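I have placed the structure first, in the form of structure tokens, so that the comments after it can refer back to it.
The values are calculated or read from the model by the stated rules, or taken from the named source; none is laboratory data. Everything numeric in this text was worked out from a predicted model, so none of it was measured. FYI the Cβ positions are ideal-geometry reconstructions off the backbone, even for glycines, and counts take in every protein chain you see. Each accessible area value is taken on the protein alone, full model and side chains, heavy atoms only, with ligands, DNA and RNA left out. Shrake-Rupley method; radii C 1.70, N 1.55, O 1.52, S 1.80 Å.
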Amino acid sequence: MKERSVLIVGGGPAGLAAAVAAYDAGVRDVLIVERDSRVGGILKQCIHPGFGLHRFGCELTGPEYAERYAEEVRRRGIEVRTGTFVTGVTPERVVTLQSREGIEEIRAGAVVLAMGCRERPRGALNIPGTRPAGIYTAGTAQRLINVEGYLPGRRVVILGSGDIGLITARRMTLEGAKVLAVCELLPYSGGLARNIEQCLNDFDIPLLLSHTVTEIHGKERLTGVTVSSVDENRRPIPGTERFFDCDTLLLSVGLIPENELTEKLGLPLDRRTGGAAVDTDRQTAIPGVFACGNVLHVHDLVDYVSGEAELAGKAAAAFAKGELAAGEELAVTAGAGIRYTVPQRVRRGETAEIYFRFSDVSRKVEVYAEADGTPLAVKKLLRAAPGEMQKLKVSVPADSANLTIKMRPQA
Amino acid sequence: MKEKHYTCIICPSGCEITAVLDGEKIVSITGNTCKRGEEYVKNELTCPMRTLTTTVCGFSGRPVAVRTADAIPKAKLFEAMAEVNAFRPSRPVRFGETLIADLAATGVPLIATASEEE
């Protein structure tokens, strides 16, 4: 059986950054396995700017950001197999690859899972009505326009105000389509504030908060949707129905980490992140199996994906060389106002950067880590929103019984 | 005195900025956490600027990602789009090359942000 020190599943931003970090940590036989014909992942279709401000200090488009990492990978001569699917990984780190050449098994010193995420489809929403053509996830529409060269429709309603939906609203408008409305079930948008400004407000596209699509009309092609207001329990309010005459409905209703391989490995998923639980090295509960990027938890900024992937890649290299530091671990709990944290475990006596998301929208809050009732690190924020991931640097005590990340209003 | 509210689009922080105006005159700009926020609001009050990203029809007939090298006036976005969509390259597009030197008379070039697949 062929062997590689570090095998990376996925050649998107996480996989590329992990590969570069593993190589730079001294491992020369790194292999990236990518199912598409090119590396870069979803960045290839994200042609808008806004990437790289944290990492490179300038605003890049998706393809430009991907190119920077692809170039780093090429310069190091890191092996990349495109057009190749990983169909299985065992806890002993035997990886099964499938491509035009056939099926092959490779034994890996360490495996980095970097499969990214997928969009939540219509089937997950239970919208009543017919099943006509013209209903796409926002990312599919984005791919059709930016990669395939087709405009999916002329009159558009978008359900969900995630960033991909907002970006696609602007993109379709620039290409001549009319976006009638963006409907958001929640009383706030999950998208970045800047995207509401530059993608909707710039083009006078209404954002209907606490609204949802309650019926789909049309036989062959979509002919319209019914939109209703919802109450505080997200139930449609009878009598508020409005008909929108449209030929296209785009869904931007959330992303789900793509963890089929992770589950096959026997790793339980954290129900809040949808990914495996990891330690500060982004190592899962199976030694030598690491995870990073959107497969671990859905990020809003690729810059953080790259950072996380570097941790995973570096640690994977260390593991492959038998040099990965170990230590006594402490579980991190998501406390009041916090939806989840990554990592979910930290090592005692080390400084850890803990990423987290808020459960709800609020203003003027403090976030802090608490160990045995003592606050350790306090960070003040003007604005808390579930759509914007935050981080907190914590010196993990050597002897405390617990560690909780909490939020409270500023005093 | 008049207050105008902005969400800064320069970076993902999305600062909420308030400008106090006395007629045309800016009295104060508050809420920004960096210098670029102030500049953004000044531009919004006079000539809002946006970076345009879109695709051109590549030599192969498939889309290739492009961007303006700098921000252009927001009012010119659709004029710029018409020019970009009429453009046809005479050879395969390469990453970073200038495709249109002066897009929609803005003085800003249009550059490729991807290469065509070989």
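Using C-alpha pairs under 8 Å with a sequence gap of at least 6, the mean separation divided by the residue count of segment A:267-380 gives a relative contact order of 20 percent.
Short-range pairs are left out: with C-alpha atoms under 8 Å and at least six residues apart, the relative contact order of chain A is 16 percent. In degrees, nearest 10, range 0 to 90: what is the angle between the Cα axis of helix A:13-24 and the longest Cα principal axis of chain A? It is inclined by approximately 20 degrees.
Our summary of shape: the Cα atoms of segment A:329-400 have principal axis extents of 34, 19, 17 Å, ordered from largest down, in whole angstrom.
Okay, helix-only estimate at 222 nm for chain B: each DSSP H run of n ≥ 4 adds -39500 (n - 2.57), divide by all residues, round to 500 deg cm²/dmol; what do you get?
Values: 2 runs with 22 residues, N = 118.
So the calculated ellipticity at 222 nm is -5500 deg cm²/dmol.
Relative to the Cα centre, the charge distribution of the protein assembly as shown, modelled as +1 at Lys and Arg Cβ and -1 at Asp and Glu Cβ, gives a dipole magnitude of about 360 debye. Taking a ≥ b ≥ c as the square roots of the eigenvalues of the Cα gyration tensor, chain A is oblate, since a/c reaches 1.5 or more and a/b is not larger than b/c. Could you pull out every residue, at least 5 positions away or on a different chain, whose amide H is within less than 5 Å of the one on A:Ala133? Hs are placed 1.01 Å off N in the peptide plane, and Pro or chain starts have none. Long-range HN contacts for A:Ala133: A:Arg221, A:Leu222. Once you reduce segment B:102-118 and segment A:354-398 to the center of their Cα atoms, the two points are 42 Å from each other.
The H on the amide N of B:Ile100, modeled in the peptide plane, is under 5 Å from the matching H of B:Leu110, each at least 5 residues off or on a different chain.
In Å² (nearest 100), what accessible area is buried between A and B, both sides summed, heavy protein atoms only, 1.4 Å probe?
Numbers: alone 18440 and 7470 Å², together 23250 Å².
About 2700 Å² of accessible surface is lost on pairing.
Put simply, the C-alpha atoms of segment A:121-253 give a gyration tensor, and the ellipsoid matching it has half-axes of 21, 18, 12 Å, longest first.
Note the per residue figure in Å³ for the convex hull of the C-alpha positions in segment B:2-46. It would help to have the intermediate numbers written out before the result.
Details: hull volume 2.5 nm³, N = 45.
In segment B:2-46, the Cα convex hull volume per residue is 56 Å³.
Listed values for segment A:341-358 are Karplus-derived 3J(HN,Hα) couplings in whole Hz (6.51 cos²θ - 1.76 cosθ + 1.60, θ = phi - 60°), namely 10, 9, x, 8, 9, 10, 8, 5, x, 10, 8, 10, 8, 9, 8, 8, 10, 7, and x replaces Gly and Pro. Pairs from the list A:Lys44/A:Lys321; A:Lys178/B:Lys74; A:Lys393/B:Lys4; A:Lys364/B:Lys74; B:Lys2/B:Lys74 with a Cα-Cα gap above 29 Å: A:Lys44/A:Lys321; A:Lys393/B:Lys4; A:Lys364/B:Lys74. Using only Cα atoms and rounding to the nearest 10 degrees, what angle (0 to 90) does helix A:302-320 make with the longest principal axis of chain A? That helix lies at roughly 30 degrees to the long axis. Straight-line reach from B:Lys42: taking Cα to Cα under 13 Å and skipping same-chain neighbours fewer than 8 places apart, the aspartates and glutamates in range are B:Glu24. For the pair segment A:217-291 and segment B:1-62, the centres of their Cα atoms are 32 angstrom apart. With just the Cα atoms defining each centre, how far is segment A:84-105 from segment A:106-157? Give it in Å. Spelled out, the Cα-based centre of one part sits 25 Å from the other.
Compactness of segment A:1-58, taken as the C-alpha radius of gyration over 2.2 N^0.38 Å, stands at 1.31. Taking the protein heavy atoms of chain A in the context of the full set of protein chains, the accessible area attributed to carbon and sulfur is 49 percent at 1.4 Å. Using heavy atoms of the protein chains and a probe of 1.4 Å, the accessible area assigned to A:Asp281 is about 30 Å².
Per-residue ellipticity at 222 nm, computed for chain A from helices alone with -39500 (n - 2.57) per DSSP H run of at least four residues, works out to -5000 deg cm²/dmol. Bridges between two residues of the protein assembly as shown, per DSSP, are antiparallel at a rate of about 70%.
Among bridges DSSP assigns within segment A:294-411, what percent are antiparallel (round to 5)? Present the calculation step by step, with values, prior to reporting the outcome.
Values: 28 of 31 bridges.
If we restrict to bridges inside segment A:294-411, about 90 percent are antiparallel.
Rolling a 1.4 Å probe across the protein heavy atoms gives the protein assembly as shown an accessible surface of 44 Å² per residue. Working note: Karplus 6.51/-1.76/1.60 with θ = phi - 60° gives segment B:34-44 the couplings 8, 4, 5, x, 5, 4, 4, 5, 4, 5, 4 Hz, where Gly and Pro are set to x. Surface listing: A:Phe358, A:Phe243, A:Phe51 arranged by accessible area from highest to lowest gives A:Phe243, A:Phe51, A:Phe358, probe 1.4 Å.
Considering only DSSP beta bridges where both residues belong to segment A:1-86, give the percentage that are antiparallel (nearest 5).
On the way: 2 of 9 bridges.
Percent antiparallel among DSSP bridges in segment A:1-86 is about 20.
Relative contact order for segment A:46-103: 19 percent, from Cα pairs under 8 Å spaced at least 6 residues apart, divided by residue count.
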